[in-house]
Amino acid sequence: MKGPAKLFVKSFGCQMNVYDSQRMADTLAPQGYAETAAAEDADLIILNTCHIREKAAEKVYSELGRMRRLKEAAAADGRRVLIAVAGCVAQAEGEEIVRRAPAVDVVVGSQNYHRLPDLIARAKSGGHAVDTDFPLDDKFERLAAPSRAKTRARGVTAFVTVQEGCDKFCTFCVVPFTRGVETSRPVEKIVAEAEQLAGAGVREITLIGQNVNAYHGAGANGSARSLAQLLERVAQVRGIERLRYATSHPLDMDDALIAAHRDLPALMPQLHLPVQSGSDRILAAMNRRHTRADYLDLISRLRESRPDMALTSDFIVGFPGETESDFAATLRLAEEAGFAGAFSFKYSPRPGTRGAEMADQMDETEKSERLYRLQEAIERSQAAFNRGCVGRTLDVLFERPGRYPEQIVGRSPYLQPVQIEAPASMIGEIAPVTITEVASNSLFGALEPCSVSSPCNGEVGEPTGPARSGRPDDRHSEPGGGQTPPRTAVGGSTLPFQGRDKTASVGA
Ligand code: SAM
Ligand code: SF4
């Protein structure tokens, strides 16, 4: 008897796509699709794509070449495979994808995932199905929720999309074109999702959005709530011990949100706050609407509110017209801000954006050279931040087994991966760990003898001397702390984004 149809989903880009990919799989589960990690076994392949930089978009076409070969091999065996392209490349290029890659059966824009079952049915009955409208119906209302078992299998941390789209129109960025205008989900829908996640064992939620701190969703009485209010409400969900949010724009960091980092114990002392450039001239050309001084003032207010705050950032080098002195200002900012990590990218002109039309586009070699210098500064800053954790006792949420027997991996409050020797039965628990060593992206430590969960207060613990730690001989073998799960975020491993020119951030 033939088993269930198999679905392979590959996500490119940011954590919003990771979340969307899961929701697509959830929506297709009642249609009989079971997920597989092997593309060659799949009956339906979905590539959930990213358009933020040219390199990210081109990657999709090379991946489509590989998927076409799988589809042809399956056809030779008498098996029909459908290929769907979702996400921002789908939204931006629509029909053009089918012209460039005729093996594609379905193209679905980022607002239309709830229509996937229909689109697949149409493609099955012959021809291509393309849907890149910005519909009036709310996809979140129509997307199926995951089963409890599926949520459990996805681990003890989860993303929840609370906001989509962006109205800021930074001159380098395609997001306002691919994700549309800014919208926020109502508070109670988010709370219901958080309760369902908590019920399945999730302990940490990251609220995500393209511009998450512009959140202004309706509260129970219909009036708009801010992100600070939303965080306060989600923190009341039983079982949710930790909250984070990403990605934020400096302009939308209001006083209430800054105060929440002091007042809300569940809110982790970690924030991804992209600055993009340290030059006022370039910030103005980017339409960021804040200055270097505004940004520095903001991070000092954040540190007043929460002194141990781990700040990470995004930088773009080689924006049109960036002079050596503009770049020097960026480098100084990266050196002065004390970042716990940052993503840095070479500027990539994107079709339809104002930046792409600007004169003085820079030479790629010069961009690469500046990127290299910036990344050296970021790495120094990150290493200093990580070194500062040695000897401290940090509360770690254990997320998954490590590479070795008896090794487990979790996250510090600052989103750094932390590896220790402990039984897998501790996965899902939060326990104090004394940090004994650091590698480029990971910390190593030992459980405190009395491993009782307690909120991280950022205080420096007493050094405890040598202790049990993750495999000392191997721990430096994988730059980037090869144990980091594919969340990104924030500068986080999640932070946010995969496919970056370089990630050098906490937890990233
Ligand atoms: N909303 C966030 C903010 O306001 O900073 C950023 C979200 S964007 C999806 C993620 C990062 O991609 C940006 O912070 C920026 O550093 C980078 N990025 C966006 N467009 C880019 C481009 N055209 N070239 C290079 N990097 C880009
Ligand atoms: Fe893009 Fe962020 Fe600017 Fe919006 S605020 S246009 S998402 S970089």
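What follows draws every value from the coordinates through simple rules; no lab data is involved. None of these values were measured; they are calculated from a predicted model. Because the Cβ atoms are built from the backbone with ideal geometry, glycine has one as well, and the counts that use them run over all protein chains shown.
Are there any helices in the chain, counted as whole DSSP H runs, that stretch 15 Å or more along their axis by Cα and score at least -0.5 on average by Kyte-Doolittle, and if so which? Helix filter hits for the chain: 187-199, 324-336. A DSSP coil position with no more than 14 other Cβ atoms inside 10 Å describes the following trypsin sites (Lys or Arg not before Pro) in region 58-124: 79, 80. With r defined as the distance between the Cβ atoms of residue 124 and residue 365 and R0 fixed at 51 Å, what FRET efficiency is calculated, to the nearest 0.05? Plugging the Cβ-Cβ distance into 1/(1 + (r/R0)^6) gives 0.55.
For the chain, treating each Cα as an identical point scatterer without solvent, what Debye log10 I(q)/I(0) comes out at q = 0.09 1/Å? Debye curve over Cα of the chain, log10 I(q)/I(0) at q = 0.09 Å⁻¹: -0.63. Counting neighbouring Cβ atoms within 10 Å and putting the fewest first, the residues 88, 173 line up as 173, 88. Of the trypsin sites (Lys or Arg not before Pro) found in region 276-363, those that fall in a DSSP loop while having at most 15 other beta-carbon atoms within 10 Å are 289.
By DSSP, the beta bridges lying fully in the chain are antiparallel in about 35 percent of cases.
Answer rounded, prolate or oblate for region 1-108, using the Cα gyration tensor with square roots of eigenvalues a ≥ b ≥ c: rounded when a/c is under 1.5, else prolate when a/b is larger than b/c, else oblate. Cα axes put region 1-108 in the oblate bin.
In plain terms, the residue of 367, 189 with the fewest other Cβ atoms within 10 Å comes first and the most crowded comes last, giving 189, 367.
Per residue, the chain reaches -9500 deg cm²/dmol at 222 nm when only DSSP H runs of four or more residues are counted, each adding -39500 (n - 2.57). On a per residue basis, the convex hull of the C-alpha atoms belonging to region 359-428 measures out at 145 Å³. The modelled label-to-label distance between residue 10 and residue 294, using points 7 Å beyond Cα along the C-beta direction, is 4.0 nm. Distant-in-sequence amide contacts of residue 86, defined by a placed amide H-H separation under 5 Å and a gap of 5 or more residues or a different chain, comprise 47, 48, 49, 108. Counted by neighbouring Cβ atoms within 10 Å, the residues 169, 12 run from fewest to most as 169, 12.
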